[in-house]
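All of the numbers you see were taken from the coordinates with simple rules; none came from a lab. These numbers come from a predicted model, not from an experiment. All Cβ positions, even for glycine, are placed from backbone atoms using ideal geometry, and neighbour counts span all protein chains on display.
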Amino acid sequence: MKVIRNYLYSVSYQLLVMLVPLVTTPYVNRVIGAYGVGMSTYTNTTIQYFILGGSLGVAIYGNRQIAYVRDDAKQLTKTFLEIQIVKIVGIAISTAVFFLYLIGFARYKEYMLLQCINLLAAAFDIAWLFQGLENFKITVIRNMIVKIVSTVLIFAFVKTSSDTGTYIVILAMSVLLGNLTLWPHLKGTLVKINISELKPWTHIMPSLALLLPQIALQIYQVLNRTILGIFVSTNASGFYFDADTIIKVALSLITSIGTVMLPHAANEFAKGNEEKIRNFMYLSSDVTSALALTFSFGIAAISFKLAPVFFGKEFLPVGGAMFIEAPVIYLAGISGVLGTQYLLPTNQLKKYTTSVVVGAVASIVFNFILIPIWGLNGAMIATVISEIAVLVYQLAVLKMENQLMLGKLFSGFLKYFLAGLIMFVIVFTIDRLTKNGSLELLIEISIGVIVYLAMIVILRTNIYYEARKFLNGRIKGS
């Protein structure tokens, strides 16, 4: 029940993250214009590199380490303080490097200086502590309040094209204040300890080890757009970004499972319950398959209509790009189960890092091969291949070491695939026979949901029985 509750909290926030841009983006684009939006995006992207380097992989590492020791109040306090000291020092060093960059190399110094607020915000971000404690309610409510307040402030104070700086400050300050609101919750969580007992530097190397896969991910996720801009056009790079954004929004609802399960699995690993972790993983894989195949087939079915309706007629190429990239939702979802929910909690960092590097290398190689030939579609194919490479490596290494049973891991795949395929055929046929319009798109989505749910019941899938057990338990409990 706790895991389900945490997942619902996480999904609720992801839905809000999806909805807020739908409200603010048209307004902000109209008010501060393409230059202002581009300036905000460019400078924020730049500052994120300094935040990534300064945070030293603490978001994942700290989450996991807290989950290991959360049943011991003294060890919990010691671990939190040690990791937080490392993070603050890392951010301080990164800030110094940022100012050297600002003085010597940076363009748009005024806006870059405003973005520096985000570095300060990162230093006070302790969400990883509460995620490790599996207290997602606090972080989700905090994030929701931040999103809502920042949205209200944007409409209140961003009025003209000269308000780009105001827009940047609102976004950055909302993050900083949101992070500060978590600190009062430390009371009752931490206990008094002797400062001399702290050994923060022991966390530097293992934390840095978790930073490496994050850097690899950052490189190959940005590289696609860069190569497209060089070999094709900046428009193609923009089309890739739009298609990838839709795919990543759907994927975020799937990866929320991993965010919730990581501390839970890490705590079970600390107790020596490895069999329990594997059973959690099999169940999580089944739920992920049910959701991810729905989104993969669903987005593919409506992609050619979704692009012009949502982005505009000039963005028609985005439809084909989404169609090609749709399998990534399933591939990345399952690799997330193996990586975030199993390899990381069970301290198999080398295997996890290698899988990400394999994906990065595959992405680089196939982008240089396919983009000059097929342009935007080549970049999308390269993205799919890189995700296949990650998943195949993880499955191979875990299978060779007899750490998992592929039969159990994919026990429900065929039924979910069949349900998704039938939904796709029906919805895609309707999509091609009807005109492009918001009403038609909503009808297609509704039909797709009904067909998929009906197939889940008809095929008697694993998730169907799990849902029945859950509902029967709720009825008896009431």
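If the cut-off is 19 Å between C-alpha atoms, which aspartates and glutamates fall inside it for Lys109, apart from same-chain ones fewer than 8 positions away?
Asp163
By the gyration tensor of its Cα atoms, with a ≥ b ≥ c the square roots of the eigenvalues, what is the shape of the stretch 378-424: rounded for a/c under 1.5, prolate for a/b over b/c, or oblate?
oblate
Taking the Cα centre of the stretch 219-414 as origin and charging only Cβ (+1 Lys, Arg; -1 Asp, Glu), how large is the dipole, in debye to the nearest 20?
Charge dipole, the stretch 219-414, about its Cα centre: 140 debye, nearest 20.
Given a Förster distance of 56 Å, report the FRET efficiency between Phe105 and Glu274 from their Cβ-Cβ distance, rounded to the nearest 0.05.
With a Förster radius of 56 Å, E is 0.70.
Quick check: the distance between the Cα centres of the stretch 161-183 and the stretch 331-379, to the nearest angstrom?
33 Å
Evaluate the distance, in nm, between pseudo-label points positioned 7 Å from the Cα of Lys159 and of Leu459 along their respective Cα→Cβ axes.
So the two model labels end up 5.6 nm from each other.
For Lys74, give me every one of the aspartates and glutamates with a C-alpha distance below 14 angstrom, ignoring sequence neighbours fewer than eight places off in its own chain.
Answer for Lys74, where 14 Å is the Cα cut-off: Glu82, Glu197, listed by chain and number.
Over 26 Å between Cα atoms: which of Lys248/Lys313; Lys78/Lys276; Lys78/Lys137 fall into that group?
Pairs exceeding 26 Å: Lys78/Lys276.
With +1 on the Cβ of every Lys and Arg and -1 on the Cβ of every Asp and Glu, and nothing else charged, how large is the dipole of the stretch 137-215 about its Cα centre, in debye rounded to the nearest 20?
Result for the stretch 137-215 is approximately 240 debye, rounded to the nearest 20.
Give me the net charge for the shell around Tyr61: Cβ to Cβ below 14 angstrom, other residues only, Lys and Arg +1, Asp and Glu -1.
0
Tell me, what is the FRET efficiency for Leu217 and Thr41 to the nearest 0.05, using R0 = 25 angstrom and their Cβ-Cβ distance as r?
0.85
Could you tell me which helices of the chain pass both thresholds, a Cα extent of 18 Å or more along their own axis and a mean Kyte-Doolittle hydropathy of at least 1.6, with helices taken as whole DSSP H runs?
Result, helices passing both filters: 136-157, 164-180, 413-433, 438-458.
With +1 on the Cβ of every Lys and Arg and -1 on the Cβ of every Asp and Glu, and nothing else charged, how large is the dipole of the chain about its Cα centre, in debye rounded to the nearest 20?
Using Cβ point charges on Lys, Arg, Asp and Glu, the chain gives about 900 debye.
Let me check I've understood the local charge: for Ile204, count other residues with C-beta under 12 angstrom from its C-beta, Lys and Arg +1, Asp and Glu -1. What total comes out?
Once all neighbours under 12 Å are counted, the net charge is +1.
Using per-residue counts of other Cβ atoms within 10 Å, averaged over each peptide, order 342-352, 305-315, 401-411 from highest down.
342-352, 305-315, 401-411
For Glu274, what charge total do you get from the other residues with a beta carbon under 13 Å from its beta carbon, if Lys and Arg give +1 and Asp and Glu give -1?
Around Glu274, the surrounding residues sum to 0.
Stretch Gln75-Leu208 to full length: gain in nm at 0.36 nm per residue minus the Cα-Cα span?
Roughly 45.7 nm would be gained on extension.
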